[in-house]
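Below is one structure, written out as structure tokens; comments come after it.
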Amino acid sequence: MKKLNTLKKNYEFRNVLTKGKYYQGKYMTIYVKKNNSNKNIIGIAINTKLGKAVKRNAVKRLIRENYRLVKDELLLGNSIVFLWNRNVDLKEADFFKIKNEMLNIFQSAKLLKNK
């Protein structure tokens, strides 16, 4: 299985969060910034106050899996950061809710390829 390209350093996250555009949904906010490559790079951040590591990592896995399923439909050359909304409990995280919201946000951000 191929590994996703991810943001790892603090300055990479900060660059996307300060200079990128954001699109908000009920469960998460997505920041998007153009990068100078022909691939998408993602980062996922969930506040430590929302829950313990097991629950946070479970939500990260759901977001990562949904992104993996959608990535072939996205335009290339973007850095994308997913932030979980702190007003939403981690217990509400559901595969299909995240998938629908992700598609809606990508559509409003005009990141989906035209079919």
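So which residues in the range 76-87 are within 22 Å of ASN36 (Cα to Cα) and not in a strand (DSSP E or B)? Outline the logic, then answer.
Taking the range 76-87 first, the residues within 22 Å of ASN36 (Cα to Cα) are 76-82.
Scanning the range 76-87 gives LEU76, GLY77.
Answer yes or no as to whether LYS55 is surrounded by fewer than 16 Cβ atoms within 10 Å (Cβ to Cβ), assigned to a helix (DSSP H, G or I) and among the charged types (D, E, K, R).
Values: surrounded by fewer than 16 Cβ atoms within 10 Å (Cβ to Cβ): yes; assigned to a helix (DSSP H, G or I): yes; among the charged types (D, E, K, R): yes.
Yes: the conditions hold for LYS55.
If I filter the range 88-111 for residues that are assigned to a loop (DSSP other than H, G, I, E, B), touching a residue at least 60 places away in the same chain (Cβ under 8 Å), touching a helix residue (DSSP H, G or I) at 6+ places or on another chain (Cβ under 7 Å) and at negative phi, do I get at least one hit?
Our first condition is that a residue be assigned to a loop (DSSP other than H, G, I, E, B); within the range 88-111, this holds for 88-89, 93-94, 109-111.
This time we only want the ones that are touching a residue at least 60 places away in the same chain (Cβ under 8 Å), so: 88, 93, 109, 111.
Now narrow it down to the ones that are touching a helix residue (DSSP H, G or I) at 6+ places or on another chain (Cβ under 7 Å): 93.
Keeping just the survivors that are at negative phi gives 93.
Among the residues of the range 88-111, at least one is assigned to a loop (DSSP other than H, G, I, E, B), touching a residue at least 60 places away in the same chain (Cβ under 8 Å), touching a helix residue (DSSP H, G or I) at 6+ places or on another chain (Cβ under 7 Å) and at negative phi, which makes the answer yes.
Of all the residues that make up the range 36-52, how many are crowded, with 16+ Cβ neighbours inside 10 Å and closer than 16 Å to LEU111 by Cα?
Of the residues in the range 36-52, 3 are crowded, with 16+ Cβ neighbours inside 10 Å and closer than 16 Å to LEU111 by Cα.
LYS60 versus (1) modelled with pLDDT of 95 or more; (2) under 16 Å from ASN87 (Cβ atoms): which is the lone unmet condition?
Single failed check for LYS60: (2).
Please state which one of LYS71, LYS99, LYS33 is within 18 Å of LYS9 (Cα to Cα) and surrounded by 13 or more Cβ atoms within 10 Å (Cβ to Cβ). Spell out how you get there, then give the answer.
Working: LYS71 fails: within 18 Å of LYS9 (Cα to Cα); LYS99 fails: within 18 Å of LYS9 (Cα to Cα).
Going through LYS71, LYS99, LYS33 in turn, the sole match is LYS33.
Out of TYR31, TYR67, I need the residue that is aromatic (Phe, Trp, Tyr) and assigned to a strand (DSSP E or B). Which one?
Numbers: TYR67 fails: assigned to a strand (DSSP E or B).
The unique qualifying residue is TYR31.
Quick check on LYS3: is it out of contact with any strand residue (DSSP E or B) (no Cβ under 7 Å at 6 or more places or on another chain) and outside any helix (DSSP H, G or I)?
Values: out of contact with any strand residue (DSSP E or B) (no Cβ under 7 Å at 6 or more places or on another chain): yes; outside any helix (DSSP H, G or I): yes.
Answer is yes for this residue.
The values are calculated or read from the model by the stated rules, or taken from the named source; none is laboratory data. The shown structure was predicted, so the numbers you read here are calculated from the model rather than taken from an experiment. Backbone-built Cβ (ideal geometry, glycine too); neighbour counts: all protein chains shown.
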